[in-house]
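J.: I'd like to ask some things about the structure below.
The values are calculated or read from the model by the stated rules, or taken from the named source; none is laboratory data. Everything quoted here is computed from the prediction, not taken from an experiment. In this analysis, Cβ positions are derived from the backbone assuming ideal geometry, glycine residues included, and neighbour counts consider all displayed protein chains. Side chains included, ligands, DNA and RNA excluded: accessible areas come from the protein's heavy atoms. Shrake-Rupley method; radii C 1.70, N 1.55, O 1.52, S 1.80 Å.
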Amino acid sequence: MNPVVGVAAFAAVSLATAVIGFYGLRVSRTTGDFYVASRTVKPWWNASAIGGEYLSAASFLGVAGLILLSGTDALWYPVGYTAGYLMLLLFVAAPLRRSGAYTIPDFTEARLDSHAVRRVTSLVVVLVGWLYIVPQLHGAALALRITTGLPAWVGPVAVVAVVCITVVAGGMRSITFVQAFQYWLKLTALAVPIVLMLLVLGGSNAPAAPPAVNPTALAPTGPYQIISLLVALLFGTLGLPHVLVRFYTNPDGQSARRTTLIVLGLLSVFYLFPTAYGMLGRVFAPDLAQSGQADALVLLLPGRVVGGAAGDLLTALVVAGAFAAFLSTTSGLVVSLAGVISQDVFGGSVRGFRLAALISALVPLGIASMTESLALAGSVGLVFAFTASTICPVLLLGIWWRGLTDAGAIAGMATGGVLCGGAMVAGSVLGAAQTPSWLAQPAAWTVPAAFAVTVLVSRATRGRVPRTMTRLMTRLHTPERPLATER
């Protein structure tokens, strides 16, 4: 591919992101605008924004790469990513919106009447966010290096710079416009090239698909790994801070449910295309699996199948979509982390939000510069496992169980964090080839352990159930009309 075309595609996406972000600045004036867009985002608009921030580097590049490596075994990733939103629809969306909180720590503090729980939750949320941003920056390094030949550090630095500009400028209101645009750009960037590639290949005799390569052992290959991966993705989605904060932007609980239902449809359509790239890659680009460049499949396949100037233009479109993925997910995470850090450290002001946004983006940039990328879908899957083992038990039990106490919540988050974090560290030390499946996919035992400890400690400290519990639980589970909630 012509490097100039790749640079132009990245520059175009960055410029469009900045322009839309500054448009959002015109209507971002209050603290509510910066944190939750004043809770006025309509379902279709919010669903597009959620699709924009949720469909990260793992979805845009990593799913196709894993299918290239492991064939149909890797399809559990898009299945789990999408089905997690069904869990959100059934158990979390409407009650969380009715809580009236700005952030997850706001919710846990209100539910358990405990500053200690808030501090622990804030720490976990920030850690989850940083762990999730790092793979986005690794993906940016890969994409820019592959398509332009520029040094790998340029991609992460550029992503962080654009994200900081848009987030600092307009907060949640601004980012909502940006992410909605980026979802449709990502969908177009995958759909148009794959359709044209299929037209070019129509009627041709393609070579037989090679057997699964699977050098990374990140796609699930047995019952335990499949179950553990699904536990991570289904329960992990419930605890992702950048996803949950979106439900605070809806006007009411009914809108939050409708938003989630629309997101299910948008994700289902999107994941058809990375799957198609992966299957075509097994026929026309099997060498990428052998050379360790599976995550570059989406970027390189249009040039191989179509070739020439048309192939360069299609590749440029894919590059634009890839950077939209890095920018949208990173910006969503930075907004959610800035909300937490600002309220806990800087007093919750707009100025504090802006300073917290810079911290939220620069720390993972430093981490990414000192680490190397795993397969993108696999590394993000481990973040889901960590989230499912820490935030999810407190959130689900806080919404649906009256017996939860502050001691139980802290014990559960600590247990899940230590167990899952320990498994992740052990896996990185041992390497993918030497890591046993129970460490490579730890969610099957870390998530039940976190739930069990939370329940047992809460029962042992039942005298610590807050007196405000009944009032808040009533608010969470009563439809808005009788409550005359804020608009």
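J.: Within the stretch 90-102, restricting attention to residues that are outside any helix (DSSP H, G or I) and at pLDDT 80 or above, which residue is nearest to Leu234 (Cα to Cα)? Step through it out loud before you land on a result.
T.: Just the residues of the stretch 90-102 that are outside any helix (DSSP H, G or I), to begin with: 92, 99-102.
Checking which are at pLDDT 80 or above leaves us with 92, 99.
Numbers: Val92: 12, Ser99: 22 Å.
Going through the qualifying residues, I end up with Val92.
J.: Going by the conditions given, is Leu395 farther than 16 Å from Pro135 by Cα and aliphatic (A, V, I, L, M)? Break it down into steps so the answer makes sense when it comes.
T.: Values: farther than 16 Å from Pro135 by Cα: yes; aliphatic (A, V, I, L, M): yes.
It is true that Leu395 is farther than 16 Å from Pro135 by Cα and aliphatic (A, V, I, L, M).
J.: Answer yes if at least one residue in the stretch 322-331 is more than 17 Å from the chain's Cα centre (by Cα) and buried (at least 24 other Cβ atoms within 10 Å of the Cβ), and no otherwise. Please lay out each step first, then the result.
T.: Filtering the stretch 322-331 for residues more than 17 Å from the chain's Cα centre (by Cα) gives none.
Checked against the condition, which is being more than 17 Å from the chain's Cα centre (by Cα) and buried (at least 24 other Cβ atoms within 10 Å of the Cβ), the stretch 322-331 yields no hits at all.
J.: Among the residues of the stretch 304-321, write down those that are surrounded by fewer than 24 Cβ atoms within 10 Å (Cβ to Cβ) and β-branched (Val, Ile, Thr).
T.: Scanning the stretch 304-321 gives Val305, Val306.
J.: Which is open to solvent by 30 Å² or more (accessible area, probe 1.4 Å), at pLDDT 80 or above and of a type in the set (Gly, Ala, Ser), of Ala64, Ala83? Don't jump to the end; show me each part of the working.
T.: Details: Ala64 fails: open to solvent by 30 Å² or more (accessible area, probe 1.4 Å).
Exactly one of Ala64, Ala83 is open to solvent by 30 Å² or more (accessible area, probe 1.4 Å), at pLDDT 80 or above and of a type in the set (Gly, Ala, Ser), namely Ala83.
J.: Condition check: modelled with pLDDT of 95 or more and within 30 Å of Ala296 (Cβ to Cβ). Does Phe386 satisfy that?
T.: Details: modelled with pLDDT of 95 or more: yes; within 30 Å of Ala296 (Cβ to Cβ): yes.
Considered against the rule, which asks whether it is modelled with pLDDT of 95 or more and within 30 Å of Ala296 (Cβ to Cβ), Phe386 comes out as yes.
J.: Does the stretch 148-158 include one or more residues that are crowded, with 19+ Cβ neighbours inside 10 Å, in contact (Cβ under 8 Å) with a residue 24 or more places away in the chain, farther than 15 Å from Ala16 by Cα and touching a Pro at 6+ places or on another chain (Cβ under 7 Å)?
T.: Yes.
J.: Which of the residues belonging to the stretch 105-124 are under 22 Å from the mean Cα position of the chain (by Cα), under 14 Å from Pro393 (Cβ atoms) and open to solvent by less than 40 Å² (accessible area, probe 1.4 Å)?
T.: Answer for the stretch 105-124, where residues must be under 22 Å from the mean Cα position of the chain (by Cα), under 14 Å from Pro393 (Cβ atoms) and open to solvent by less than 40 Å² (accessible area, probe 1.4 Å): Phe107, Thr108, Thr121, Val124.
J.: Are there helices (runs of 4 or more DSSP H) fully within the stretch 339-455 with at least 3 residues that are among the hydrophobic types (A, V, I, L, M, F, W, C) and buried (at least 17 other Cβ atoms within 10 Å of the Cβ)? List them.
T.: Values: elements: 350-369, 376-400, 406-430, 437-440.
So the answer is 350-369, 376-400, 406-430.
J.: Restricting attention to the stretch 1-18, which residues are under 25 Å from Val305 (Cβ atoms), open to solvent by 50 Å² or more (accessible area, probe 1.4 Å) and in a helix (DSSP H, G or I)?
T.: Of the stretch 1-18, the ones under 25 Å from Val305 (Cβ atoms) are 1-10, 12-13.
Next, from what is left, pick out any that are open to solvent by 50 Å² or more (accessible area, probe 1.4 Å): 1-4, 7-8, 12.
The answer is Pro3, Val4, Val7, Ala8, Ala12.
J.: Within the stretch 163-187, can you find the residues that are open to solvent by 10 Å² or more (accessible area, probe 1.4 Å) and at pLDDT 90 or above?
T.: Trp184, Leu185, Leu187
J.: Residue pairs, Cβ under 6 Å, 6 or more apart or interchain, first in the stretch 250-267 and free of Cβ contacts under 8 Å to residues at least 12 places away in the same chain and surrounded by fewer than 19 Cβ atoms within 10 Å (Cβ to Cβ), second in a helix (DSSP H, G or I) and of a type in the set (Phe, Trp, Tyr). List them.
T.: If the second residue must be in a helix (DSSP H, G or I) and of a type in the set (Phe, Trp, Tyr), no pairs are left.
J.: Based on this model, can you work out whether Leu142 counts as within 28 Å of Tyr271 (Cα to Cα), open to solvent by 10 Å² or more (accessible area, probe 1.4 Å) and not in a loop (DSSP other than H, G, I, E, B)?
T.: yes
J.: Checking the conditions here, which among Ser349, Ser336 is among the hydroxyl-bearing types (Ser, Thr, Tyr), over 25 Å from Phe270 (Cβ atoms) and touching a residue at least 24 places away in the same chain (Cβ under 8 Å)? Break it down into steps so the answer makes sense when it comes.
T.: On the way: Ser336 fails: over 25 Å from Phe270 (Cβ atoms).
Testing whether each residue is among the hydroxyl-bearing types (Ser, Thr, Tyr), over 25 Å from Phe270 (Cβ atoms) and touching a residue at least 24 places away in the same chain (Cβ under 8 Å) leaves just Ser349.
J.: Another question about this same structure. Say whether the condition of being in a loop (DSSP other than H, G, I, E, B) and at positive phi is met by at least one residue in the stretch 162-173.
T.: In the first step, residues of the stretch 162-173 are kept if they are in a loop (DSSP other than H, G, I, E, B); the result is none.
No, that holds for no residue.
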